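Asker: Structure in structure tokens, see below.
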Amino acid sequence: MSFLCGEIDCKETMSEIVMKQNWWRSAYNHWVFKLGILMLLVGFGFRFHLSQSSSVIPNVSDNNLGTPFMTKNEKPIPSDFAESPEELNQIRRNEKCDIFDGEWIPNSGGAAYTNNTCRWIESDQNCIGNGRPDTGYLHWRWSPKACELPPFDAKKFLEMMRGKTWGFVGDSITRNHFQSFICLLSQAEDPVDFFHDKDYKIQKWHFPSYNLTVSVIWSPFLVKAETFEDINHIPSSEIQIHVDILDKTWSQQFDTWDYVLFSSGKWFVRTAIYYENNTILGCHGCEGKNYTDIGFNIAYQKVIKNLFDFIMNSNKQSTIIFRTSTPDHFENGPWSSGGTCDRRVPAKKGEFELGIFNRILREVELPEFAKAKASEKGKKLKLLDVMPLSLVRPDGHPGPYRYFYPFAKDKKAKVQYDCLHWCLPGPIDQWNDLLMKVVVDD
């Protein structure tokens, strides 16, 4: 079906329009009246010919025809012909493009930086520096269905953010995201890392030419939590999580930020005891304990709700970006028992499905965000939904190349794969294309 003609045959519709126009003009000019009669007769004859010949006209689908009336960046023209629900929905989608609905397409340009041009890449995500032999995963870009997504423009972003402050708050995926962010910006100006605490849970950078300060805060639960681990980060006891007490590491700095990105989720799968009002609420995975296992979803929902309540009730008029949780791509087992991620190209849509853990996180995040957005109270609350585009990029993880040349001595060496974090550079850089789009549209 043609967008401009709806369910009506285009040629037939144009004949009727011409007939009506000529008939109207005949009231003023006898010669035009005769011409109108002539065109009417020709039109009937042409229509009769079409009706007799329809059996031999090939049925060409819309997929083959394309849309010759519009370029990709033009909005469809609302008209009386666009009456089907599908077409009306298309108009609505084009009014405000959903940048999270799209596909990965080849990109000959490659990455915006390398491990040689950015000195802020942690060794665990320095895939090229650690000997990853393939680079095809760098030659894809995210393309929304209904609009163009410009690549991250470091100079433009820095210019927009003169005199501003940014904070990234969350877990190791947040830190991974932040390092992509700082690498992209450093292509325009190398920042000064002017502060970090003893454990590097708080780190700050400054771009002197633009007076922009950016911080990353380690706070995997976003709330007060006590963890008990040995030197190898193996838990020695249940984590104690206070779902109603926000982590002071970031909450005491909140009023200093103009833009804040929050994300969490992954750590909630761990065995934990939950507290509310300093009273045990329940637990997750606490076999052998005399507590009610309420599931991590209840705890996560309370944490996200309390986070948004704090934001909504704050006097600080910051722009808040909430990034959704992200998938892992372990195949052949989990992280701890031989799971791998050896793919070299993006997956096809539907090839990977969200695991139950990620589904539960998402079922908490999106409704809580929607409720907070509806009662925004003037706050600028933005969603950065990176789950859809990340789900189909199993090729973007460090895998065995979290280690320096893991197969240099033994090509069959068994090493633990990282199929959760992301190579830098890599697909995670596209998160910042989306981030800039969200901020620019603001």
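Asker: Among the residues of the stretch 95-130, which ones are outside any strand (DSSP E or B) and among the hydrophobic types (A, V, I, L, M, F, W, C)?
Answerer: We begin by selecting, within the stretch 95-130, every residue outside any strand (DSSP E or B); these are 95-101, 107-130.
Scanning the stretch 95-130 gives Cys97, Ile99, Phe100, Ala111, Ala112, Cys118, Trp120, Ile121, Cys127, Ile128.
Asker: Let me ask something else about it. Which one of these does Ile121 not meet: (1) more than 22 Å from Ile173 (Cβ to Cβ); (2) out of contact with any Lys or Arg (no Cβ under 9 Å at 6 or more places or on another chain)?
Answerer: (1)
Asker: Same structure, new question: Out of the stretch 338-372, which residues are of a type in the set (A, V, I, L, M, F, W, C), outside any loop (DSSP other than H, G, I, E, B) and touching a helix residue (DSSP H, G or I) at 6+ places or on another chain (Cβ under 9 Å)?
Answerer: Scanning the stretch 338-372 gives Phe357, Ile360, Leu361, Val364, Phe369, Ala372.
Asker: Which of the following residues is touching a residue at least 24 places away in the same chain (Cβ under 8 Å) and part of a loop (DSSP other than H, G, I, E, B): Glu159, Glu148?
Answerer: Numbers: Glu159 fails: part of a loop (DSSP other than H, G, I, E, B).
Answer to the selection: Glu148.
Asker: Being more than 27 Å from Gly285 (Cβ to Cβ) and touching a strand residue (DSSP E or B) at 6+ places or on another chain (Cβ under 6 Å) narrows it down to one residue among Thr213, Thr227; which is it?
Answerer: Values: Thr227 fails: more than 27 Å from Gly285 (Cβ to Cβ).
After ruling out the rest, the residue left standing is Thr213.
Asker: Now for a separate question. Restricting to the stretch 252-305, give me the number of residues that are touching an Asp or Glu at 6+ places or on another chain (Cβ under 8 Å) and closer than 22 Å to Ile202 by Cα.
Answerer: 6
Asker: Here's another thing I want to ask about it. For the stretch 197-221, what are the residues that are among the charged types (D, E, K, R) and outside any loop (DSSP other than H, G, I, E, B)? Reasoning before the result, please.
Answerer: Initial filter on the stretch 197-221 (among the charged types (D, E, K, R)): 197-199, 201, 204.
Correct list: Lys204 only.
Asker: Sort out for me the strands (runs of 3 or more DSSP E) sitting completely within the stretch 251-337 that have 3 or more residues that are among the hydrophobic types (A, V, I, L, M, F, W, C) and buried (at least 20 other Cβ atoms within 10 Å of the Cβ). First the steps, then the outcome.
Answerer: Details: elements: 259-262, 272-276, 279-284, 319-323.
Strands (runs of 3 or more DSSP E) meeting the threshold: 259-262, 319-323.
Asker: Right, another one. Taking Phe157 as the residue in question, decide whether it is buried (at least 20 other Cβ atoms within 10 Å of the Cβ), at pLDDT 95 or above and assigned by TED's automatic domain parsing to the domain that holds Ser325. First the steps, then the outcome.
Answerer: Numbers: buried (at least 20 other Cβ atoms within 10 Å of the Cβ): yes; at pLDDT 95 or above: yes; assigned by TED's automatic domain parsing to the domain that holds Ser325: yes.
Yes.
Matching residues to (1) more than 17 Å from the chain's Cα centre (by Cα); (2) buried (at least 19 other Cβ atoms within 10 Å of the Cβ):
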| site | (1), (2) |
| --- | --- |
| Gly399 | yes, yes |
| Phe407 | yes, no |
| Val415 | yes, no |
| Asp441 | no, no |
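Asker: For the stretch 387-439, which residues satisfy the criterion of being of a type in the set (Phe, Trp, Tyr) and either outside any loop (DSSP other than H, G, I, E, B) or touching a Lys or Arg at 6+ places or on another chain (Cβ under 7 Å) (or both)? Before you say what the answer is, go through the steps one by one.
Answerer: Let us first name the residues in the stretch 387-439 that are of a type in the set (Phe, Trp, Tyr), namely 401, 403-405, 407, 417, 422, 431.
Residues satisfying the conditions are Tyr401, Trp431.
Asker: Also, quick follow-up: Any idea which of (1) exposed (fewer than 15 other Cβ atoms within 10 Å of the Cβ); (2) over 22 Å from Gly396 (Cβ atoms); (3) at pLDDT below 95 is the one Glu351 doesn't satisfy?
Answerer: For Glu351, the failing item is (2).
Asker: Now for a separate question. Hey, among Ser390, Ser375, which residue is among the hydroxyl-bearing types (Ser, Thr, Tyr) and surrounded by 14 or more Cβ atoms within 10 Å (Cβ to Cβ)? Walk me through it before giving the result.
Answerer: Working: Ser375 fails: surrounded by 14 or more Cβ atoms within 10 Å (Cβ to Cβ).
Unique residue meeting the criteria: Ser390.
The values are calculated or read from the model by the stated rules, or taken from the named source; none is laboratory data. Just so it is clear, the model here is predicted, and its values are computed rather than measured. Because the Cβ atoms are built from the backbone with ideal geometry, glycine has one as well, and the counts that use them run over all protein chains shown.
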